[in-house]
Structures are given as C-alpha cells and as structure tokens.
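The values are calculated or read from the model by the stated rules, or taken from the named source; none is laboratory data. Source: prediction; values computed, not measured. As a convention, Cβ positions derive from the backbone with ideal geometry for all residues, glycine included, and neighbour counts pool all protein chains shown. Ligands, DNA and RNA are stripped out before the accessible areas are found, and what is left, the full protein with its side chains, is counted by its heavy atoms. Shrake-Rupley method; radii C 1.70, N 1.55, O 1.52, S 1.80 Å.
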Amino acid sequence: MTLERPVLVGRGLTKRYGDVTAIDGVDIDVWRGSSIALTGPSGAGKTTLLHVLAGIIRPDEGSVTLEGVRIDSAPDRERSRLRRRHFGFVFQEGYLVPELTAVENVALPLMLLGHPKAKAMREAYRWFEPFGLEGLEHRRPGELSGGQAQRVAIARAIITGPSVVFADEPTAALDSETTHRTMSLLESAVRHANAGLVVVTHDPEVAARCDVQISILDGRLRKAA
Ligand code: ADP
C-alpha cells in the first residue's frame, strides 16, 4: 500500500532574526523515497529551512506537519523526542561525538530512545560491514578519514529507521571521489529505510543526484526542476 501524502509538509514557513527574514513564506513537501536538494548562495536561508523542518527551531509563522501531526507547535521537549524518533541527521564532518568510539556513536541514537546499551551496541555493530567500515568499530572520530567519518554519521542517522534524513553540507569536506561514494551510500541507506531525504548543498553534482532541486534566494523558494 502506498500512502499518497508527503511524510513532512511545511506551509507558509517564515523565520526572522531581528530585521533579517531568513525564510519567507516557504511551502515544501518531503516524500518518502524521494530526495530534495536545497541550494542557493550563502545566507539564502537553506540551513534555517532545514532546522525549521526538523523541529530544531520554531518558525515565527507557518506549520510543519509530520505524518499529519503538527510538530512546530509542540513544546521543546516533545520536539526533541519527535526528532530523535523520526529524523536522522548528517552534518559536515566533525559532528560525531569525539570521546565515543565509532560504534558507540552509531549506537547513541538508540540509547537516547531508551534502548538498553547492550542492545543498542549489538544493533550498531551490524552496520559496519555493509557500510564498508569493518575493523573501524573501536576507533574514535579523530582516527577516521573524512569519508569514513561520514559513513559512521550515515549509520548513526539511519539506525533508528527515521522518516526523514536531513543532511547539511554532508560532503563539503570531502574530495569528489569520496563525495560520490558518500552520496551513493546515503541514497541507498535512505531508500532502504523508505525515508525522505533533504540535503543542503553547495555542490551542483550533489544537487543533481537528488530527485528535486530547490534553489533558495532571500528566504524564498524557486524550484529548479
Ligand atoms: P544559508 O544556510 O543559506 O547560508 P542561513 O539559513 O544560515 O542561510 O541564514 C539565512 C539568514 O539568516 C542570513 O542572513 C543569516 O545571517 C541569518 N541567520 C541565520 N541564523 C541566525 C541566527 N541564529 N541569528 C541571527 N541571524 C541568523
């Protein structure tokens, strides 16, 4: 059965910082099994939109609806809970917890959802071989290459079976070959989870891989494809 509605819907999203309108009346639909690239110059509002959609910040106006349920108006604690349960995040290199090993980083989202550590660790170990990370389980992030660290970050984003994965410049620190391999892994992991994917990127090649490209200028959307 296919559920013919977007998994995540933003309507009329506006966020201001003082005199700056970071996003201005944005409407956007995220579908399971589909990827969206958010592109545009620095300061256009891409990260603000990603944070509003993910419930990290609240919009001043408009609504964010996940599977038909408003999430923007939920209190902070509830939004945190919803984020942990339903969303995965991949950021630029460096967002792994440096004191934890790779496998502990991957297990962390499950522990934050209340799974016992032993069970979360067992589940985390399972991702290393298919993600080409075998043997790196006990390294700390500082002992991983940029590409390896992003593979760990993708495993961490996907381990909870999220509805939507948000990626903010996930390949910004990577060379082009590693970018290609990282995006292939991200796309296949998201497809496998039947999640939606929202990627903020400066890289035209990363944007072109996505199903939909949306460019943002001065907080407003212009659909490029
Ligand atoms: P992008 O991700 O496209 O570079 P941002 O969403 O980071 O753009 O920023 C959009 C606008 O909002 C910019 O003018 C930026 O300076 C401003 N802005 C973003 N976050 C903040 C903040 N926390 N405080 C003040 N201004 C902000």
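Observations on the model:
- Solvent-accessible area per residue for the chain (1.4 angstrom probe, square angstrom): 48
- The 1.4 Å probe gives accessible areas that order Tyr95, Tyr17, largest first, as Tyr95, Tyr17.
- Here the range 8-223 has 48 percent of its accessible surface on carbon and sulfur atoms, given a 1.4 Å probe and all protein chains in place.
- For Leu136, the shell of other residues with beta-carbons less than 13 Å away shows a net charge of -2, using +1 for Lys and Arg and -1 for Asp and Glu.
- Taken over the C-alpha atoms, the range 1-92 has Rg and Dmax values of 13.2, 47 angstrom.
- Pairwise label distance in nanometres, Leu217 with Glu143, each label 7 Å out on the Cα-Cβ vector: 4.9
- Extended-chain gain in nm, criterion 0.36 nm per residue less alpha-carbon gap, Leu113 and Ser42: 22.1 nm
- Computed over neighbours whose Cβ is under 15 Å from that of Leu8, the net charge equals +1, Lys and Arg +1, Asp and Glu -1.
- For the range 8-223, the spread of Cα coordinates along the three principal axes comes to 49, 38, 31 Å, biggest extent given first.
- What separates the Cα centres of the range 136-184 and the range 1-39 is a distance of 24 Å.
- With DNA, RNA and ligands ignored, accessible area of Glu4 (1.4 Å probe; Å², nearest 10): 140
- Taken along the Cα-to-beta-carbon direction at a fixed 7 Å, the label points for Glu61 and Glu134 span 5.6 nm.
- Neighbourhood net charge (13 Å Cβ-Cβ; Lys/Arg +1, Asp/Glu -1) for Ala155: -2
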